[in-house]
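Novice: Before anything else, here's the structure in question.
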Amino acid sequence: MLTITTGTGVDRRDARDAGVNRWAVLALLCFSLLLIAVDATVLHVAVPALAKALAPTSVEQLWIIDVYSLVVAPLLLTFGTLGDRYGRKRLILLGYAVFGLASLSAAFAATPLALILSRAALGVGGAMIMPSTLSLIRQVFTDRQERALALGVWSAVAAAGAAVGPLIGGVLVEHFRWGVVFLINLPLLVPAFFAALRLLPESRDPDPHRWDWQSAVLSTLGVLGLAFGVKVTGSGDPRALLALAAGVALLWVFVRRQRRLAHPLLDVGLFADRGFSVGVACVMLAIFALVGLQLMLAQYLQLVLGDSPLEAGARMLPLMLAAMAGGLVGARLLHRVGVRAAMGGGLALTALSLLPTLWFGQTLDAIPLALCFTGIGFGVEVALLAASDTILAAAPEERAGGAAGIEETAYELGAGLGVAVLGTVTTAVYAPGLRALPGVPAEDMSEARESLSVAAHVAARLPAEPGHRLLDAAREAFVSALHSTVLVSLALLSLTALLAVLAIPRRTPARPAQAPRVPRPRPAAPPAWLARRVPRRLRDRLPLPLGESLRAPSRRRAPHRPHTPPRHPR
């Protein structure tokens, strides 16, 4: 995913001749990717149950959800480099171990801080596994057509895992405690670990680049500082501006460092291409809107409409099915209408599908919600497919690895920042919207302003009448906050669609093959009398074409032959 290298460190005949079952390897790698993709969204439906058990603040709740993606995003680049240096199989096995131990810790976390740290460790394990899966697929599948099929399966699994996460979380939380959403990883990781020991081939780069640990630290701290500043902005914390400034400064130093390095973690030079930049922006903002709204809508279904976790996951099923349909139909749409129409049209369809949510209230029919989810899933997937095609088409073949790395980082960064920004907007609108109520103590009102899930917990311990009034007022405030979040998402999606239409050509042409370099014709030689009158020192200091032309007559001069008189016959 991140480090797509042409040199795998293994002879191309090894994967086929050494008895490696490439399809079994693909199944194992896709299974690993599925676990990671599901874990990114499985908590969306489990938030109300988790909040009831651990009682986190609104900021802690956002950290629990998105610290996973915020840790994965910057570490994908550095672990891709480490896999090249120390071996991709070894890194995947280590990632399995870290992911399993972090899942065990998260399942039995007793405080919000413990759960946040466990989720961050899960992100470290996921970042170890994800980059090496794609590199191993490129090594094992040496046939170009088979490789294209394998990469298509791999991409479909990644999209399906993120979409099906809320449904799996709903099923588990419905019948068990919230910690089971992490605990279920263990019986799946143990057989995967031993299968990887047997199936995965050894793979490393024979000429690896130096691991730039300074860039890894700068990018990780910069992203986390930026996310912390965004989260605490909604609560009025004075540390918000300091954290935002520190995050931006660290990321600025990171970019400056990448421009100086011969082998950077992030190939920032690719952003000079307008199509590439627009494609990355589309990926990031589309995932930003999708994942952030998915979390808010999951809470809306359970805490406002009163759905159970399983019912909420089932209601979000059209989103997953539409996304899969968009992936299957998107390639044909790209061929028929072009990249610009597909990307702009997909984003526009997503924005139009979001519009009806502005009229959602405390009651809602199932059909309008299903239609909205269908349009959102299909539009986002088509736009993402067009953006991916634009990114790869804009990057030269020798820089395809850097382009894929930037695209995957944009996915994870969009997911993490989407939850942070849209969650902060929700909190900033919800808290002042929940005003004091008669019969509810001030301390309870202050606690209820943390989040809707906390308000439901407070209402449950109050007497019946004030409890009902508090819950109704909290639901109304949350619906108003949801509408504000939708407006922000609509603005971002509309601007990105407009940017795609204006900045991307109607049909992005295929990058032409590099033609062989034709030697430049030598300039016409000046008269011999001029060449003889220019001193040799001056000729050597003249620009190359003129200097060569002035030297040309002397080079083409016939060699001197001594004169010999003609021989006469006797």
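Novice: Going toward the positive end of the dipole of segment 266-506, with +1 on Lys and Arg Cβ and -1 on Asp and Glu Cβ, which of PRO396, ALA286, PRO356 do you reach last?
Specialist: PRO356
Novice: In debye, nearest 20: dipole of segment 266-506 around its Cα centre with unit charges on the Cβ of K, R (+) and D, E (-)? Don't jump to the answer; show the numbers that get you there.
Specialist: Working: 12 positive and 19 negative charges, 125 e Å.
Once rounded to the nearest 20, the dipole reads 600 debye.
Novice: How many nm separate the modelled label positions at LEU197 and ALA436, each set 7 Å beyond the Cα in the direction of the Cβ?
Specialist: Going by the 7 Å Cα→Cβ label model, 6.5 nm.
Novice: Next up: Using a 1.4 angstrom probe on heavy atoms only, work out the carbon and sulfur share of the accessible area of segment 370-450 in %. Working shown, then result.
Specialist: Details: 1750 of 2870 Å².
Carbon with sulfur: 61 percent of the solvent-accessible area.
Novice: Averaged per residue, what accessible surface does segment 350-504 expose to a 1.4 Å probe, in Å²?
Specialist: 40
Novice: Moving on. Can you tell me how much longer the chain between LEU149 and LEU355 gets when fully stretched, taken as 0.36 nm per residue apart minus their C-alpha distance, in nm with one decimal?
Specialist: Numbers: separation 206, 0.36 × 206 = 74.16 nm, distance 3.66 nm.
This chain segment gains 70.5 nm when fully extended.
Novice: Under the definition of Cα pairs under 8 Å and six or more residues apart, what whole-number percent is the relative contact order of segment 212-348?
Specialist: Working: 75 pairs, mean separation 20.1, N = 137.
Relative contact order for segment 212-348 comes out at 15 percent.
Novice: Can you give the charge dipole size of segment 267-384 about its Cα centre, rounded to the nearest 20 debye, using +1 on the beta carbon of Lys and Arg and -1 on the beta carbon of Asp and Glu?
Specialist: Values: 5 positive and 6 negative charges, 75 e Å.
Here the size comes out at about 360 debye.
Novice: Quick check: at a probe of 1.4 Å, how many percent of the accessible area of segment 21-205 sits on carbon and sulfur atoms? Intermediate results must be reported in sequence, preceding the final value.
Specialist: Details: 4470 of 6410 Å².
After summing per-atom areas, the C and S share lands at 70 percent.
Novice: A follow-up question, please. Distance in nm between label sites at LEU221 and LEU242, each 7 Å beyond Cα in the beta-carbon direction?
Specialist: Distance between the two pseudo-spin positions: 1.5 nm.
Novice: Ignoring ligands, DNA and RNA, what accessible area per residue does segment 213-264 give at 1.4 Å, in Å²?
Specialist: Details: 2930 Å² over 52 residues.
In whole numbers, segment 213-264 has 56 Å² accessible per residue.
Novice: Report the convex hull volume per residue for segment 21-205, counting only C-alpha atoms, in Å³. Spell out each step's value before the answer.
Specialist: Values: hull volume 18.8 nm³, N = 185.
Cα-based convex hull of segment 21-205, divided per residue, equals 102 Å³.
Novice: While we're on this one: Give me the net charge of VAL45's neighbourhood, meaning all other residues with Cβ under 11 Å from the Cβ of VAL45; Lys, Arg count +1, Asp, Glu -1. Let's see the in-between values first.
Specialist: Details: positive: ARG315; negative: GLU174, ASP307, GLU311.
Value of the local net charge: -2.
Novice: Next question. Across 10 Å bins from 0, what is the distribution of all Cα-Cα pair distances for segment 266-506, in whole percents?
Specialist: Taking all Cα pairs of segment 266-506, the binned fractions are 8, 29, 30, 18, 10, 4, 1 percent.
Novice: Would you mind working out the magnitude of the charge dipole of segment 21-205 relative to its Cα centre, with +1 at each Lys and Arg C-beta and -1 at each Asp and Glu C-beta, to the nearest 20 Debye? All intermediate terms of the calculation are to be shown ahead of the outcome.
Specialist: Working: 13 positive and 9 negative charges, 81 e Å.
I would put it at about 380 debye.
Novice: Something else: Please name which of TRP178, LEU115, VAL25 has its Cα lying farthest along the dipole of segment 21-205 towards the positive end, using unit charges on Cβ (Lys, Arg +1; Asp, Glu -1) and the Cα centre as origin.
Specialist: It is VAL25, whose Cα lies furthest towards the positive end.
Novice: Still on this model: State in Å² the accessible area per residue of segment 21-205; use a 1.4 Å probe, count heavy atoms of protein chains only, and round to the nearest integer. It would help to have the intermediate numbers written out before the result.
Specialist: Numbers: 6410 Å² over 185 residues.
Per-residue value: 35 Å².
Novice: Tell me the net charge near ILE391. Cut-off is 10 Å between Cβ atoms, ILE391 excluded, with +1 for each Lys or Arg and -1 for each Asp or Glu.
Specialist: Details: positive: none; negative: ASP273, ASP389, GLU407.
Net charge around ILE391: -3.
Novice: Work through the residues other than GLY222 whose Cβ is under 14 Å from its Cβ and net out their charges, Lys, Arg +1 and Asp, Glu -1. Walk me through the intermediate numbers first.
Specialist: Numbers: positive: ARG256, ARG257; negative: none.
Local net charge: +2.
Novice: Describe numerically, in nm with one decimal, the distance between label points set 7 Å from Cα along Cα→Cβ at ALA331 and at LEU101.
Specialist: 4.1
Novice: For ALA249 and VAL268, calculate 0.36 nm times their separation in residues minus their Cα-Cα distance, and state this gained length in nm to one decimal.
Specialist: Details: separation 19, 0.36 × 19 = 6.84 nm, distance 1.67 nm.
5.2 nm is the gain from fully extending ALA249 to VAL268.
The values are calculated or read from the model by the stated rules, or taken from the named source; none is laboratory data. Because the structure is a prediction, the values reported are computed rather than measured. Quick reminder, even Gly has a Cβ in these numbers, built from the backbone with ideal geometry, and neighbours come from all protein chains shown. Just the protein is used for accessible areas: all its heavy atoms, side chains included, with ligands, DNA and RNA removed. Shrake-Rupley method; radii C 1.70, N 1.55, O 1.52, S 1.80 Å.
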